[in-house]
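So the structure is just underneath, and the comments pick up after that.
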Amino acid sequence: MTPGDPLAGLLAACARRDRAAFGRLYEATSAKLYGVAVRILRREDWAEEVLQECYVSIWTHAPQYRAALAAPMTWMTSIVRNRCLDGLRRPRHEVSDADGTLAESAESANPGPLAELERAKDAQALARCLKALEGKQRQAIALAFYDGLSHAELAGHLREPLGTVKTWVRRGLLRLKDCLSAQGPA
């Protein structure tokens, strides 16, 4: 903190419940703190809401401010940052949608419950079919697809000839395809 920092004086006056000092503190800091909130929340309406809550918190906690621990702007910025992160974590309630147009127009990148169930069934079927493969085929396919190893890397890792590893992968994939086809759609 620099000696004679006007913000420190304004915070001290706020601690004594000086409303005029709080108004001057707001005028001096609101633009910067609003910018911090907008950068974190990426929505101006949320930033305005959070900033209002932050100034209430600054007013309330001004007596606890300690100049030896942080500069005034650092202290207030940390309040805004923490409140913004809390705001991002809590669920936002939707506005009333009596005719359902808002719900119909909202698209979600997340799969719905039925898609999740289908994916879980597919994963179980895949696990069953993988278990049916020979050990070397299963290992080669797992290393190729889960660890991203190329055929050449697989051959080096497994210490087997490249042609052998390619054959394991190809035959294993064909057996997986047949097994999954036989199980039918999930």
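Can you tell me the length gained on complete extension of the stretch A123 to R39, counting 0.36 nm per residue apart and subtracting the Cα distance?
Working: separation 84, 0.36 × 84 = 30.24 nm, distance 3.93 nm.
Gain on stretching A123 to R39: 26.3 nm.
To the nearest 10 Å², what's S150's accessible area with a 1.4 Å probe?
So the heavy atoms of S150 present about 50 Å² to solvent.
Among A15, T164, G35, which residue has its Cα positioned farthest towards the positive end of the charge dipole of the chain, with +1 placed on the Cβ of Lys and Arg, -1 on the Cβ of Asp and Glu, and the dipole taken about the Cα centre?
Value computed over the given set: T164.
Find the centroid of the Cα atoms in the stretch 138-159 and in the stretch 6-74, then give the distance between the two in whole Å.
Taking the Cα centre of the stretch 6-74 as reference, the centre of the stretch 138-159 is 57 Å away.
Please give the peptides 20-26, 121-127 ranked by average Cβ packing (other Cβ atoms within 10 Å per residue), highest first, as a rough proxy for protection.
Numbers: 20-26: 16.4, 121-127: 13.0.
Highest-to-lowest ranking by the protection proxy: 20-26, 121-127.
Between (1) 9, 33, 31, 18, 7, 2, 0; (2) 9, 35, 37, 16, 4, 0; (3) 8, 21, 15, 10, 14, 15, 12, 5, 0, which matches P(r) over Cα pairs in 10 Å bins from 0, in percent calculated for the structure shown?
Label of the calculated value: (3).
Within 14 Å, Cβ to Cβ, of A13, how many net charges do the neighbouring residues add up to if Lys/Arg are +1 and Asp/Glu are -1?
Values: positive: R16, R17, R19, R24; negative: D5, D18, E27.
Net charge around A13: +1.
Straight distance only, please: which lysines reach the Cα of K136 with their own Cα at less than 19 Å, same-chain residues fewer than 8 apart left out?
List returned: K166, K177.
Compute the helix-to-body angle for 44-61: its Cα long axis versus the longest principal axis of the chain, expressed 0 to 90° and rounded to tens.
50 degrees
Helix-only estimate, please: 222 nm mean residue ellipticity of the chain, summing -39500 (n - 2.57) across DSSP H runs of length 4 or more and dividing by its residues, to the nearest 500.
Values: 9 runs with 136 residues, N = 186.
Helix contribution divided over all residues of the chain: -24000 deg cm²/dmol.
Which angle from 0 to 90°, rounded to the nearest 10, does the C-alpha axis of helix 113-132 make with the longest principal axis of the chain?
For helix 113-132, the angle is close to 40 degrees.
Let me cross-check H157: its accessible surface, 1.4 Å probe, with only protein heavy atoms counted, in Å² to the nearest 10?
Using a 1.4 Å probe on the heavy atoms, I get roughly 110 Å².
Roll a 1.4 angstrom probe over the protein heavy atoms and tell me the percent of accessible area of the chain that is carbon or sulfur.
Details: 6920 of 12620 Å².
Looking at the chain in its full context, I get 55 percent from C and S.
What does the charge count around R170 come to, taking other residues whose C-beta lies under 15 Å from its C-beta (Lys +1, Arg +1, Asp -1, Glu -1)?
+3
Kindly state, to the nearest 0.05, the FRET efficiency for E49 paired with R16, given R0 = 25 Å and r defined as their beta-carbon distance.
Values: r = 28 Å, r/R0 = 1.12.
Rounded to the nearest 0.05, the efficiency is 0.35.
Considering only protein heavy atoms, with the full assembly of protein chains and a 1.4 angstrom probe, order K136, K32 by accessible area, largest first.
Correct descending sequence by accessible area is K32, K136.
On a 1.4 Å probe surface of the protein chains, which of E27, E48 comes out largest in accessible area, and what is the full order?
E27, E48
Could you state the accessible area per residue of the chain in Å², with a 1.4 Å probe and every protein chain left in place? Display every interim value, and only then the final one.
Numbers: 12620 Å² over 186 residues.
Dividing the accessible area of the chain by its residue count gives 68 Å².
The values are calculated or read from the model by the stated rules, or taken from the named source; none is laboratory data. From a predicted model like this one, the values you see are computed outputs, not experimental measurements. Please note: Cβ atoms are built from the backbone with ideal geometry, for glycine as well, and neighbour counts cover all protein chains shown. With ligands, DNA and RNA removed, areas are computed over all heavy atoms of the protein, side chains included. Shrake-Rupley method; radii C 1.70, N 1.55, O 1.52, S 1.80 Å.
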